[in-house]
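Have a look at the structure below before the remarks.
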Amino acid sequence: MNKRPFLIDCDTGTDDAIAIMAALGSPQVEVRAVTSVNGNVSENYTSQNNLDLLEYLGRTDIPVAHGAVRPLLSGIVNDEGGTGTHGKTGLGTITLPHAQCSSFDCRIASELVYDLAVECAGDLELLVIGPMTNIAIALCNHRDLAGLIKHIWFMGGAAHGGNVSPTAEFNIWVDPEAAHIVFQSGIPMTMVGLDVTLKAVMTEEDVAQLRCKGSKAGTLAADLLDFMLQRRSKGGEDLVMHDALALAAALCPECLTCKDFFADVEHTGSYTAGHTFVDLRGVSGRAPNMSVALEVDPSLFRKWLVNAICSVPEK
Ligand code: RIB
Ligand code: CA
């Protein structure tokens, strides 16, 4: 089977880590690189989490690159780790063994994106599950990049509502200018926003299934979900698999119902910066520039995710 080459750009983060493991357990995917960005926690944590996670799972063959430590323009930087949704380090209360035999790629994220895109000659797909800063920088530095990316599958935005504000979703809100650049790039892309991700919620039965698998990935995923159960018990977010659902859009398309729309990002509003305008009614007169996920089959998604994580090879 010809594997699909993917680069994962992420702000690891608890749900990012679960999405990365699902990608590693999907036989049709070849994870070619993981790039890190400031988001859930600061970039020094997100990048270290990526390096530690891949070494922990025996995948030191996958390059990990440092990325943007701050957004293009907005001032949103988690400079001392997070304290809420993903805990101080980004992996909740979990401490992975510090990577001993792997080091960061010598290239910065945006250059690794470009080099891989050239190497894959138009076949590279991007899973973008944090703020879009690295991708925007890569597009600004390489005029031919847009023509080399097969598809961007991203978690971000919402056709209705928001989480970090009533009108904005976190990934887009952190760097709305970057998102605007990516949205306007002409690259084929699929938006997996809060409209569907908030319904992609794991259950305690799923946690038990993952734990009883007894593998490193299954146990780590169960530990991450247990952290989310604790978080929920204190009034925090549910066991929402925002990022893994963006991967499911690529690998299990039957989990989602998508439709093409024009979408753009509000990046100048005092109260609405980070809002994703999805032209559901066609009032803009602009041609669609992306596919937008509108509905999800939560039970099919949960089954897919548990199976993918339980399929991560034990190394
Ligand atoms: O709004 C949810 C998104 O923000 C997810 O990608 C989560 O990891 C955080 O980055
Ligand atoms: Ca994320």
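The values are calculated or read from the model by the stated rules, or taken from the named source; none is laboratory data. Model, not experiment: these values are computed from the prediction. In this analysis, Cβ positions are derived from the backbone assuming ideal geometry, glycine residues included, and neighbour counts consider all displayed protein chains.
Structural remarks
- Condition met for L127 (touching a Leu at 6+ places or on another chain (Cβ under 8 Å) and surrounded by fewer than 24 Cβ atoms within 10 Å (Cβ to Cβ)): no
- Checked against the criterion of being within 30 Å of Q230 (Cβ to Cβ), modelled with pLDDT of 95 or more, more than 16 Å from ligand 2 (Cβ to nearest atom) and out of contact with any Lys or Arg (no Cβ under 7 Å at 6 or more places or on another chain), the candidates L127, L139, L112, L96 yield just one match: L96.
- Criterion: outside any loop (DSSP other than H, G, I, E, B), crowded, with 16+ Cβ neighbours inside 10 Å and among the small types (G, A, S) - qualifying residue of A99, A68, A22: A22
- Residues (buried (at least 24 other Cβ atoms within 10 Å of the Cβ) and of a type in the set (S, T, Y)) located in region 25-58: S26, T35, S36, Y45, T46, S47
- In region 140-177, the residues that are closer than 24 Å to L124 by Cα and out of contact with any strand residue (DSSP E or B) (no Cβ under 9 Å at 6 or more places or on another chain): C140, N141, H142, R143, D144, L145, A146, G147, D175
- Unmet requirement for V37, which otherwise passes all of (1) within 13 Å of ligand 2 (Cβ to nearest atom); (2) among the β-branched types (V, I, T); (3) touching a Leu at 6+ places or on another chain (Cβ under 9 Å): (3)
- Close pairs (7 angstrom Cβ cut-off, 6 or more residues apart or separate chains): within 10 Å of C310 (Cβ to Cβ) in region 208-228, modelled with pLDDT under 95 anywhere: S215/E314
- Those residues of region 140-159 which are closer than 30 Å to E295 by Cβ and among the aliphatic types (A, V, I, L, M), in sequence order: A146, I149, I152, M155, A158, A159
- Residues satisfying the stated conditions in region 227-275, i.e. within 16 Å of ligand 1 (Cβ to nearest atom), acidic (D, E) and in a helix (DSSP H, G or I): D243
- Evaluation of T35 against (1) of a type in the set (V, I, T); (2) outside any loop (DSSP other than H, G, I, E, B); (3) closer than 24 Å to K303 by Cα (one fails), failing number: (3)
- Region 274-315: number of residues that are closer than 24 Å to E177 by Cβ and among the small types (G, A, S): 6
- Region 7-31 residues that are free of Cβ contacts under 8 Å to residues at least 60 places away in the same chain, paired with ones that are within 9 Å of ligand 2 (Cβ to nearest atom) (beta carbon under 8 Å, 6 or more apart): I20/C10; I20/T12
- Selected residue (only one of V77, V34 is more than 29 Å from P253 (Cα to Cα), of a type outside the set (D, E) and without any contact (Cβ under 8 Å) to a residue 40 or more places away in the chain): V77
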